[in-house]
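The values are calculated or read from the model by the stated rules, or taken from the named source; none is laboratory data. On a predicted model such as this, the values are computed, not experimentally measured, just so you know. Cβ atoms come from the backbone with ideal geometry, glycine included; neighbour counts cover every protein chain shown. Just so you know, the surface numbers come from the protein's heavy atoms only, side chains and all, with ligands and any DNA or RNA stripped out. Shrake-Rupley method; radii C 1.70, N 1.55, O 1.52, S 1.80 Å.
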Amino acid sequence: MYENNNYNISSEIITKINKWLQKFPDGKKKPAIIYSLHLIQKENKYIKPEHVEAIAEYLSLNKMDVHEVASFYSMFETEKIGKHTISVCTNVSCMLNGSDEILNHLEKKLKIKVGESTDMFFLKDERECLAACGGAPMMQVDHKYYENLNKEKIDKIIEDIEND
Amino acid sequence: MTDNLRLNELCYSTLSSNNPNTYDTYIKLGGYETWKNILLNKLSKQEIIDTVIDSGLRGRGGAGFSTGRKWSFINQDSTDTKYLVCNADESEPGTCKDRDILRYNPHALIEGMLIASYAIGAETAYCYLRGEFIDDVYTSFKNALKDAYDNKLVGKNILKSDINIDIHDLIGAGAYIVGEETAMLESIEGKKGFPRYKPPFPALKGLFGCPTIINNVETLASVPKILDNGSNWFKSVGTEASPGFKCFSVSGHVNKPGNYEIPLGTSFETLLDLAGGMKNGKNLKAVIPGGSSVPVLPGDIMMKTNMDYESIANAGSLLGSGAVIVMDETTNMVEVIHRIARFYYSESCGQCTPCREGTGWMYKVIDKIIKGHGTLDDIKTLESIPKMISGSTICALGDAAAMPVESFINHYRHEFLSYIKKENKVENSNAKSNLYNNKEFVLHKK
């Protein structure tokens with residue numbers, strides 16, 4: 001266990017970070033920032049300032065080095081969100097196949113607007129194409145792909161997660 | 001029309017098998033023979049590079065530069081550490097071809113990475129996958145890599161030779177700009193994805209300051225068979241300037257959207273036929289032939305155009321990544337460009353002023369028009385902004401944002417005018433959603 005005043009990075013995560021560092025030339029620590037943030041976000045759902053501090057301290061980096069990565073990449077959440085993240089692709093190919101109706105349906109069903117969260121679901125404001133254009137309209141739930149969506153399929157997916 | 005078409009023979013060649021992504025399937029289809037042959041017969045680096053140059057293989061990520069020539073930029077006499085990077089940050093809107101290579105033929109990519117590393121003298125190679133692939137796509141690649149290591153095809157003293165090549169999987173975290181090769185190097189180094197000034201080009205000074213070659217997934221996955229069958233085999237397919245096969249991601253208003261690997265130079269009409277033709281029997285209106293960064297072309301022009309680099313350039317657009325977005329007669333073109341402009345505004349990294357400000361400006365003007373507040377002057381403004389962005393930025397994202405806007409106004413000016421004359425407004429559109437809400441969205445998400 002690596003101890004920080006506010007947050008302790010678990011020994012499992014430390015082991016994984018150390019293994020990851022072996023992919024890079026000796027002494028290079030920054031290349032492990034993205035991966036460390038992924039691991040910590042997976043455990044905590046979103047990145048808090050104490051997480052940034054703990055990673056910086058463990059990798060002997062400046063806090064700002066970690067913060068600028070956490071704030072640059074769209075997969076890192078820095079505000080409290082629900083248990084599951086839903087990203088509906090609304091880029092061109094999905095839009096042509098009715099992604100906006102899919103998003104509207106989810107907004108109504110979850111009673112939140114895009115970009116908002118309940119305790120259970122975070123409806124991410126996804127602006128990137130998620131590279132599944134042949135299966136449009138599509139979405140990811142916690143980065144698992146769901147393609148060729150319609151309202152019935154959405155209802156089933158949400159129901160299954162809620163009952164899980 | 002599609003009966004005699006050669007389909008899925010290269011990067012998608014495993015698709016005809018039951019378990020396309022396994023090591024056994026790849027071996028059964030003759031996989032890793034090229035790599036073993038190189039090690040056994042100690043093929044020279046130059047021989048490999050010359051074959052790839054002669055084959056005419058061009059970068060499949062979008063730029064279309066000669067792959068062999070790119071490799072030849074590495075100074076073989078230099079004692080510097082050299083790196084190979086595979087760009088698996090597939091995120092050009094409309095493109096989904098690399099995801100299927102990573103899922104269904106990951107060993108072809110690994111073998112291609114080994115050959116490329118050997119040819120440029122790299123002992124370390126990285127495959128950088130976009131963050132959103134973190135679930136099944138990343139797992140598929142990681143499993144394949146483990147199998148290749150277990151069979152001693154990757155690592156130290158490969159197959160008891162004196163060749164050492166390590167391949168490492170890396171994962172991003174969501175940023176379109178990281179697909180730009182120097183932004184990817186920054187991201188691998190653990191920084192935000194800001195493209196670098198060039199020169200120096202990565203072949204001279206790339207990852208960790210060392211000579212580096214960056215190639216796309218499809219490019220690398222094409223290499224083993226080219227070397228196995230010879231450059232003449234590759235050149236016997238396609239056109240003289242655009243030889244070989246290319247994966248096209250066909251999406252939009254077609255009956256059978258998906259990936260199709262066909263000879264370059266095949267007519268668009270044939271590709272459309274292959275993708276099941278137009279959905280609901282509608283007429284073709286327009287096509288974006290190479291990902292959302294390239295100019296849109298009217299359907300009648302596309303129906304007379306072949307799918308190769310030169311034919312599409314002559315028709316006024318670019319082959320790009322091979323993402324073919326098909327739009328039928330009901331498509332509202334202002335809505336389409338509104339969505340495209342929103343994407344580039346959102347994904348501009350903000351490093352260069354013309355792109356940071358220009359992408360936002362274009363989006364806001366289109367947004368104003370689509371909401372029914374546009375004037376004729378707004379169209380003039382919209383025509384002038386791309387000229388201020390193009391050529392004034394470090395990387396090509398600025399041009400990628402500018403080109404579609406220019407082409408949409410050029411071909412579909414009357415649709416913009418109908419909004420200005422209040423004949424059309426967003427309330428009438430079939431894409432009502434909160435995405436049109438007036439909330440200001442900041443340059444970067446936070």
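General remarks:
- Put the Cα centre of segment B:105-126 next to the Cα centre of segment A:103-163 and the gap is 37 Å.
- If only the Cβ of Lys and Arg carry +1 and only the Cβ of Asp and Glu carry -1, the dipole of segment B:147-259 around its Cα centre is close to 180 debye.
- Size of electric dipole in the protein assembly as shown: Cβ of Lys, Arg +1 and of Asp, Glu -1, about Cα centre, debye, nearest 20: 540
- In sequence order, segment A:36-42 has phi-based couplings of 4, 5, 4, 4, 6, 5, 4 Hz under the Karplus curve 6.51 cos²θ - 1.76 cosθ + 1.60, θ = phi - 60°, and Gly or Pro positions carry x.
- Peptide-level mean, for B:244-252, of C-beta atoms on other protein chains within 10 Å: 3
- Segment B:HIS414-B:ASP399, extension gain: residue separation times 0.36 nm, minus the distance between their alpha carbons: 3.0 nm
- Taking B:SER321, B:SER236, B:SER72 as the candidate residues, the one with maximal mean-square fluctuation in a Gaussian network model of chain B, Cα springs under 10 Å, is B:SER236.
- About its Cα centre, chain B has a charge dipole of approximately 800 debye under the convention of +1 per Lys or Arg Cβ and -1 per Asp or Glu Cβ, with nothing else charged.
- Our summary gives chain B a relative contact order of 16 percent, counting only alpha carbon pairs under 8 angstrom and 6 or more residues apart.
- Mean partner shielding of peptide B:170-182, defined as the number of other chain Cβ atoms within 10 Å of each residue Cβ, is 4.
- Computed from phi, the 3J(HN,Hα) profile of segment B:241-246 under the Karplus parametrisation 6.51, -1.76, 1.60 (θ = phi - 60°) reads 7, 10, x, x, 9, 9 Hz, with x in place of Gly and Pro.
- Look at the alpha carbon pairs under 8 Å that are at least 6 residues apart: their mean separation over the length of segment B:333-424 gives a relative contact order of 35 percent.
- Judged by the mean number of other Cβ atoms found within 10 Å, the most tightly packed of the peptides A:75-87, B:248-260 leads the ranking B:248-260, A:75-87.
- In this structure, the amide hydrogen of A:THR78, modeled 1.01 Å from its nitrogen in the peptide plane, lies closer than 5 angstrom to those of A:ILE47, counting only residues at least 5 positions away or on a different chain.
- Cut-off under 5 Å, modelled amide H: who pairs with B:ASN216 long-range: B:ARG60, B:GLY61, B:ASN87
- Positive-end residue, segment B:69-209 charge dipole about Cα centroid, Cβ charges, pick of B:ASN143, B:ALA122, B:MET184: B:ALA122
- Beyond 23 Å in Cα-Cα separation lie the following of the pairs B:LYS42/B:LYS142; A:LYS30/B:LYS146; B:LYS28/B:LYS152; A:LYS19/B:LYS142; A:LYS124/A:LYS156; B:LYS380/B:LYS421: B:LYS42/B:LYS142; A:LYS30/B:LYS146.
- Applying 1/(1 + (r/R0)^6) with R0 = 25 Å to the Cβ-Cβ distance of B:ALA241 and B:SER267 gives a FRET efficiency near 0.90.
- Percentage relative contact order, segment A:1-150, counting C-alpha pairs under 8 Å, at least six apart: 18
- Residue (of A:GLY134, A:PHE122, A:ILE161) at the positive-pole extreme of segment A:114-162, dipole from beta-carbon charges: A:GLY134
- Inter-chain neighbour count for B:191-197: the average number of beta-carbon atoms from partner chains within 10 Å of each residue's beta-carbon is 3.
- In sequence order, segment B:251-261 has phi-based couplings of 9, x, 8, 10, 6, 10, x, x, 9, 9, 9 Hz under the Karplus curve 6.51 cos²θ - 1.76 cosθ + 1.60, θ = phi - 60°, and Gly or Pro positions carry x.
- Computed with a 1.4 Å probe over protein heavy atoms only, the accessible area of A:ASP155 comes to about 50 Å².
- Distant-in-sequence amide H partners of A:THR118 (H built 1.01 Å from N, under 5 Å): A:GLY82, A:LEU123
- Sorting A:58-70, A:91-103, A:13-25, B:344-356 by their mean Cβ neighbour count within 10 Å, with the most densely packed peptide first, gives A:91-103, B:344-356, A:58-70, A:13-25.
- Cα gyration tensor, the protein assembly as shown - rounded (a/c under 1.5), prolate or oblate: oblate
- 25 Å Cα-Cα threshold exceeded, pairs from A:LYS23/B:LYS82; B:LYS36/B:LYS156; B:LYS70/B:LYS225; B:LYS225/B:LYS279; A:LYS28/B:LYS192: B:LYS225/B:LYS279
- 11 Å beta-carbon shell around B:ILE409, net charge (K/R +1, D/E -1): -2
- For segment A:1-124, convex hull volume per residue from C-alpha positions, Å³: 122
- Cα gyration tensor category, rounded, prolate or oblate, for segment B:127-185 with a/c compared to 1.5: oblate
- Heavy-atom accessible area with a 1.4 Å probe sorts B:MET307, B:MET403, largest first, into B:MET403, B:MET307.
- Shape category assigned to segment B:251-337 from the gyration tensor of Cα positions, a/c cut at 1.5: oblate
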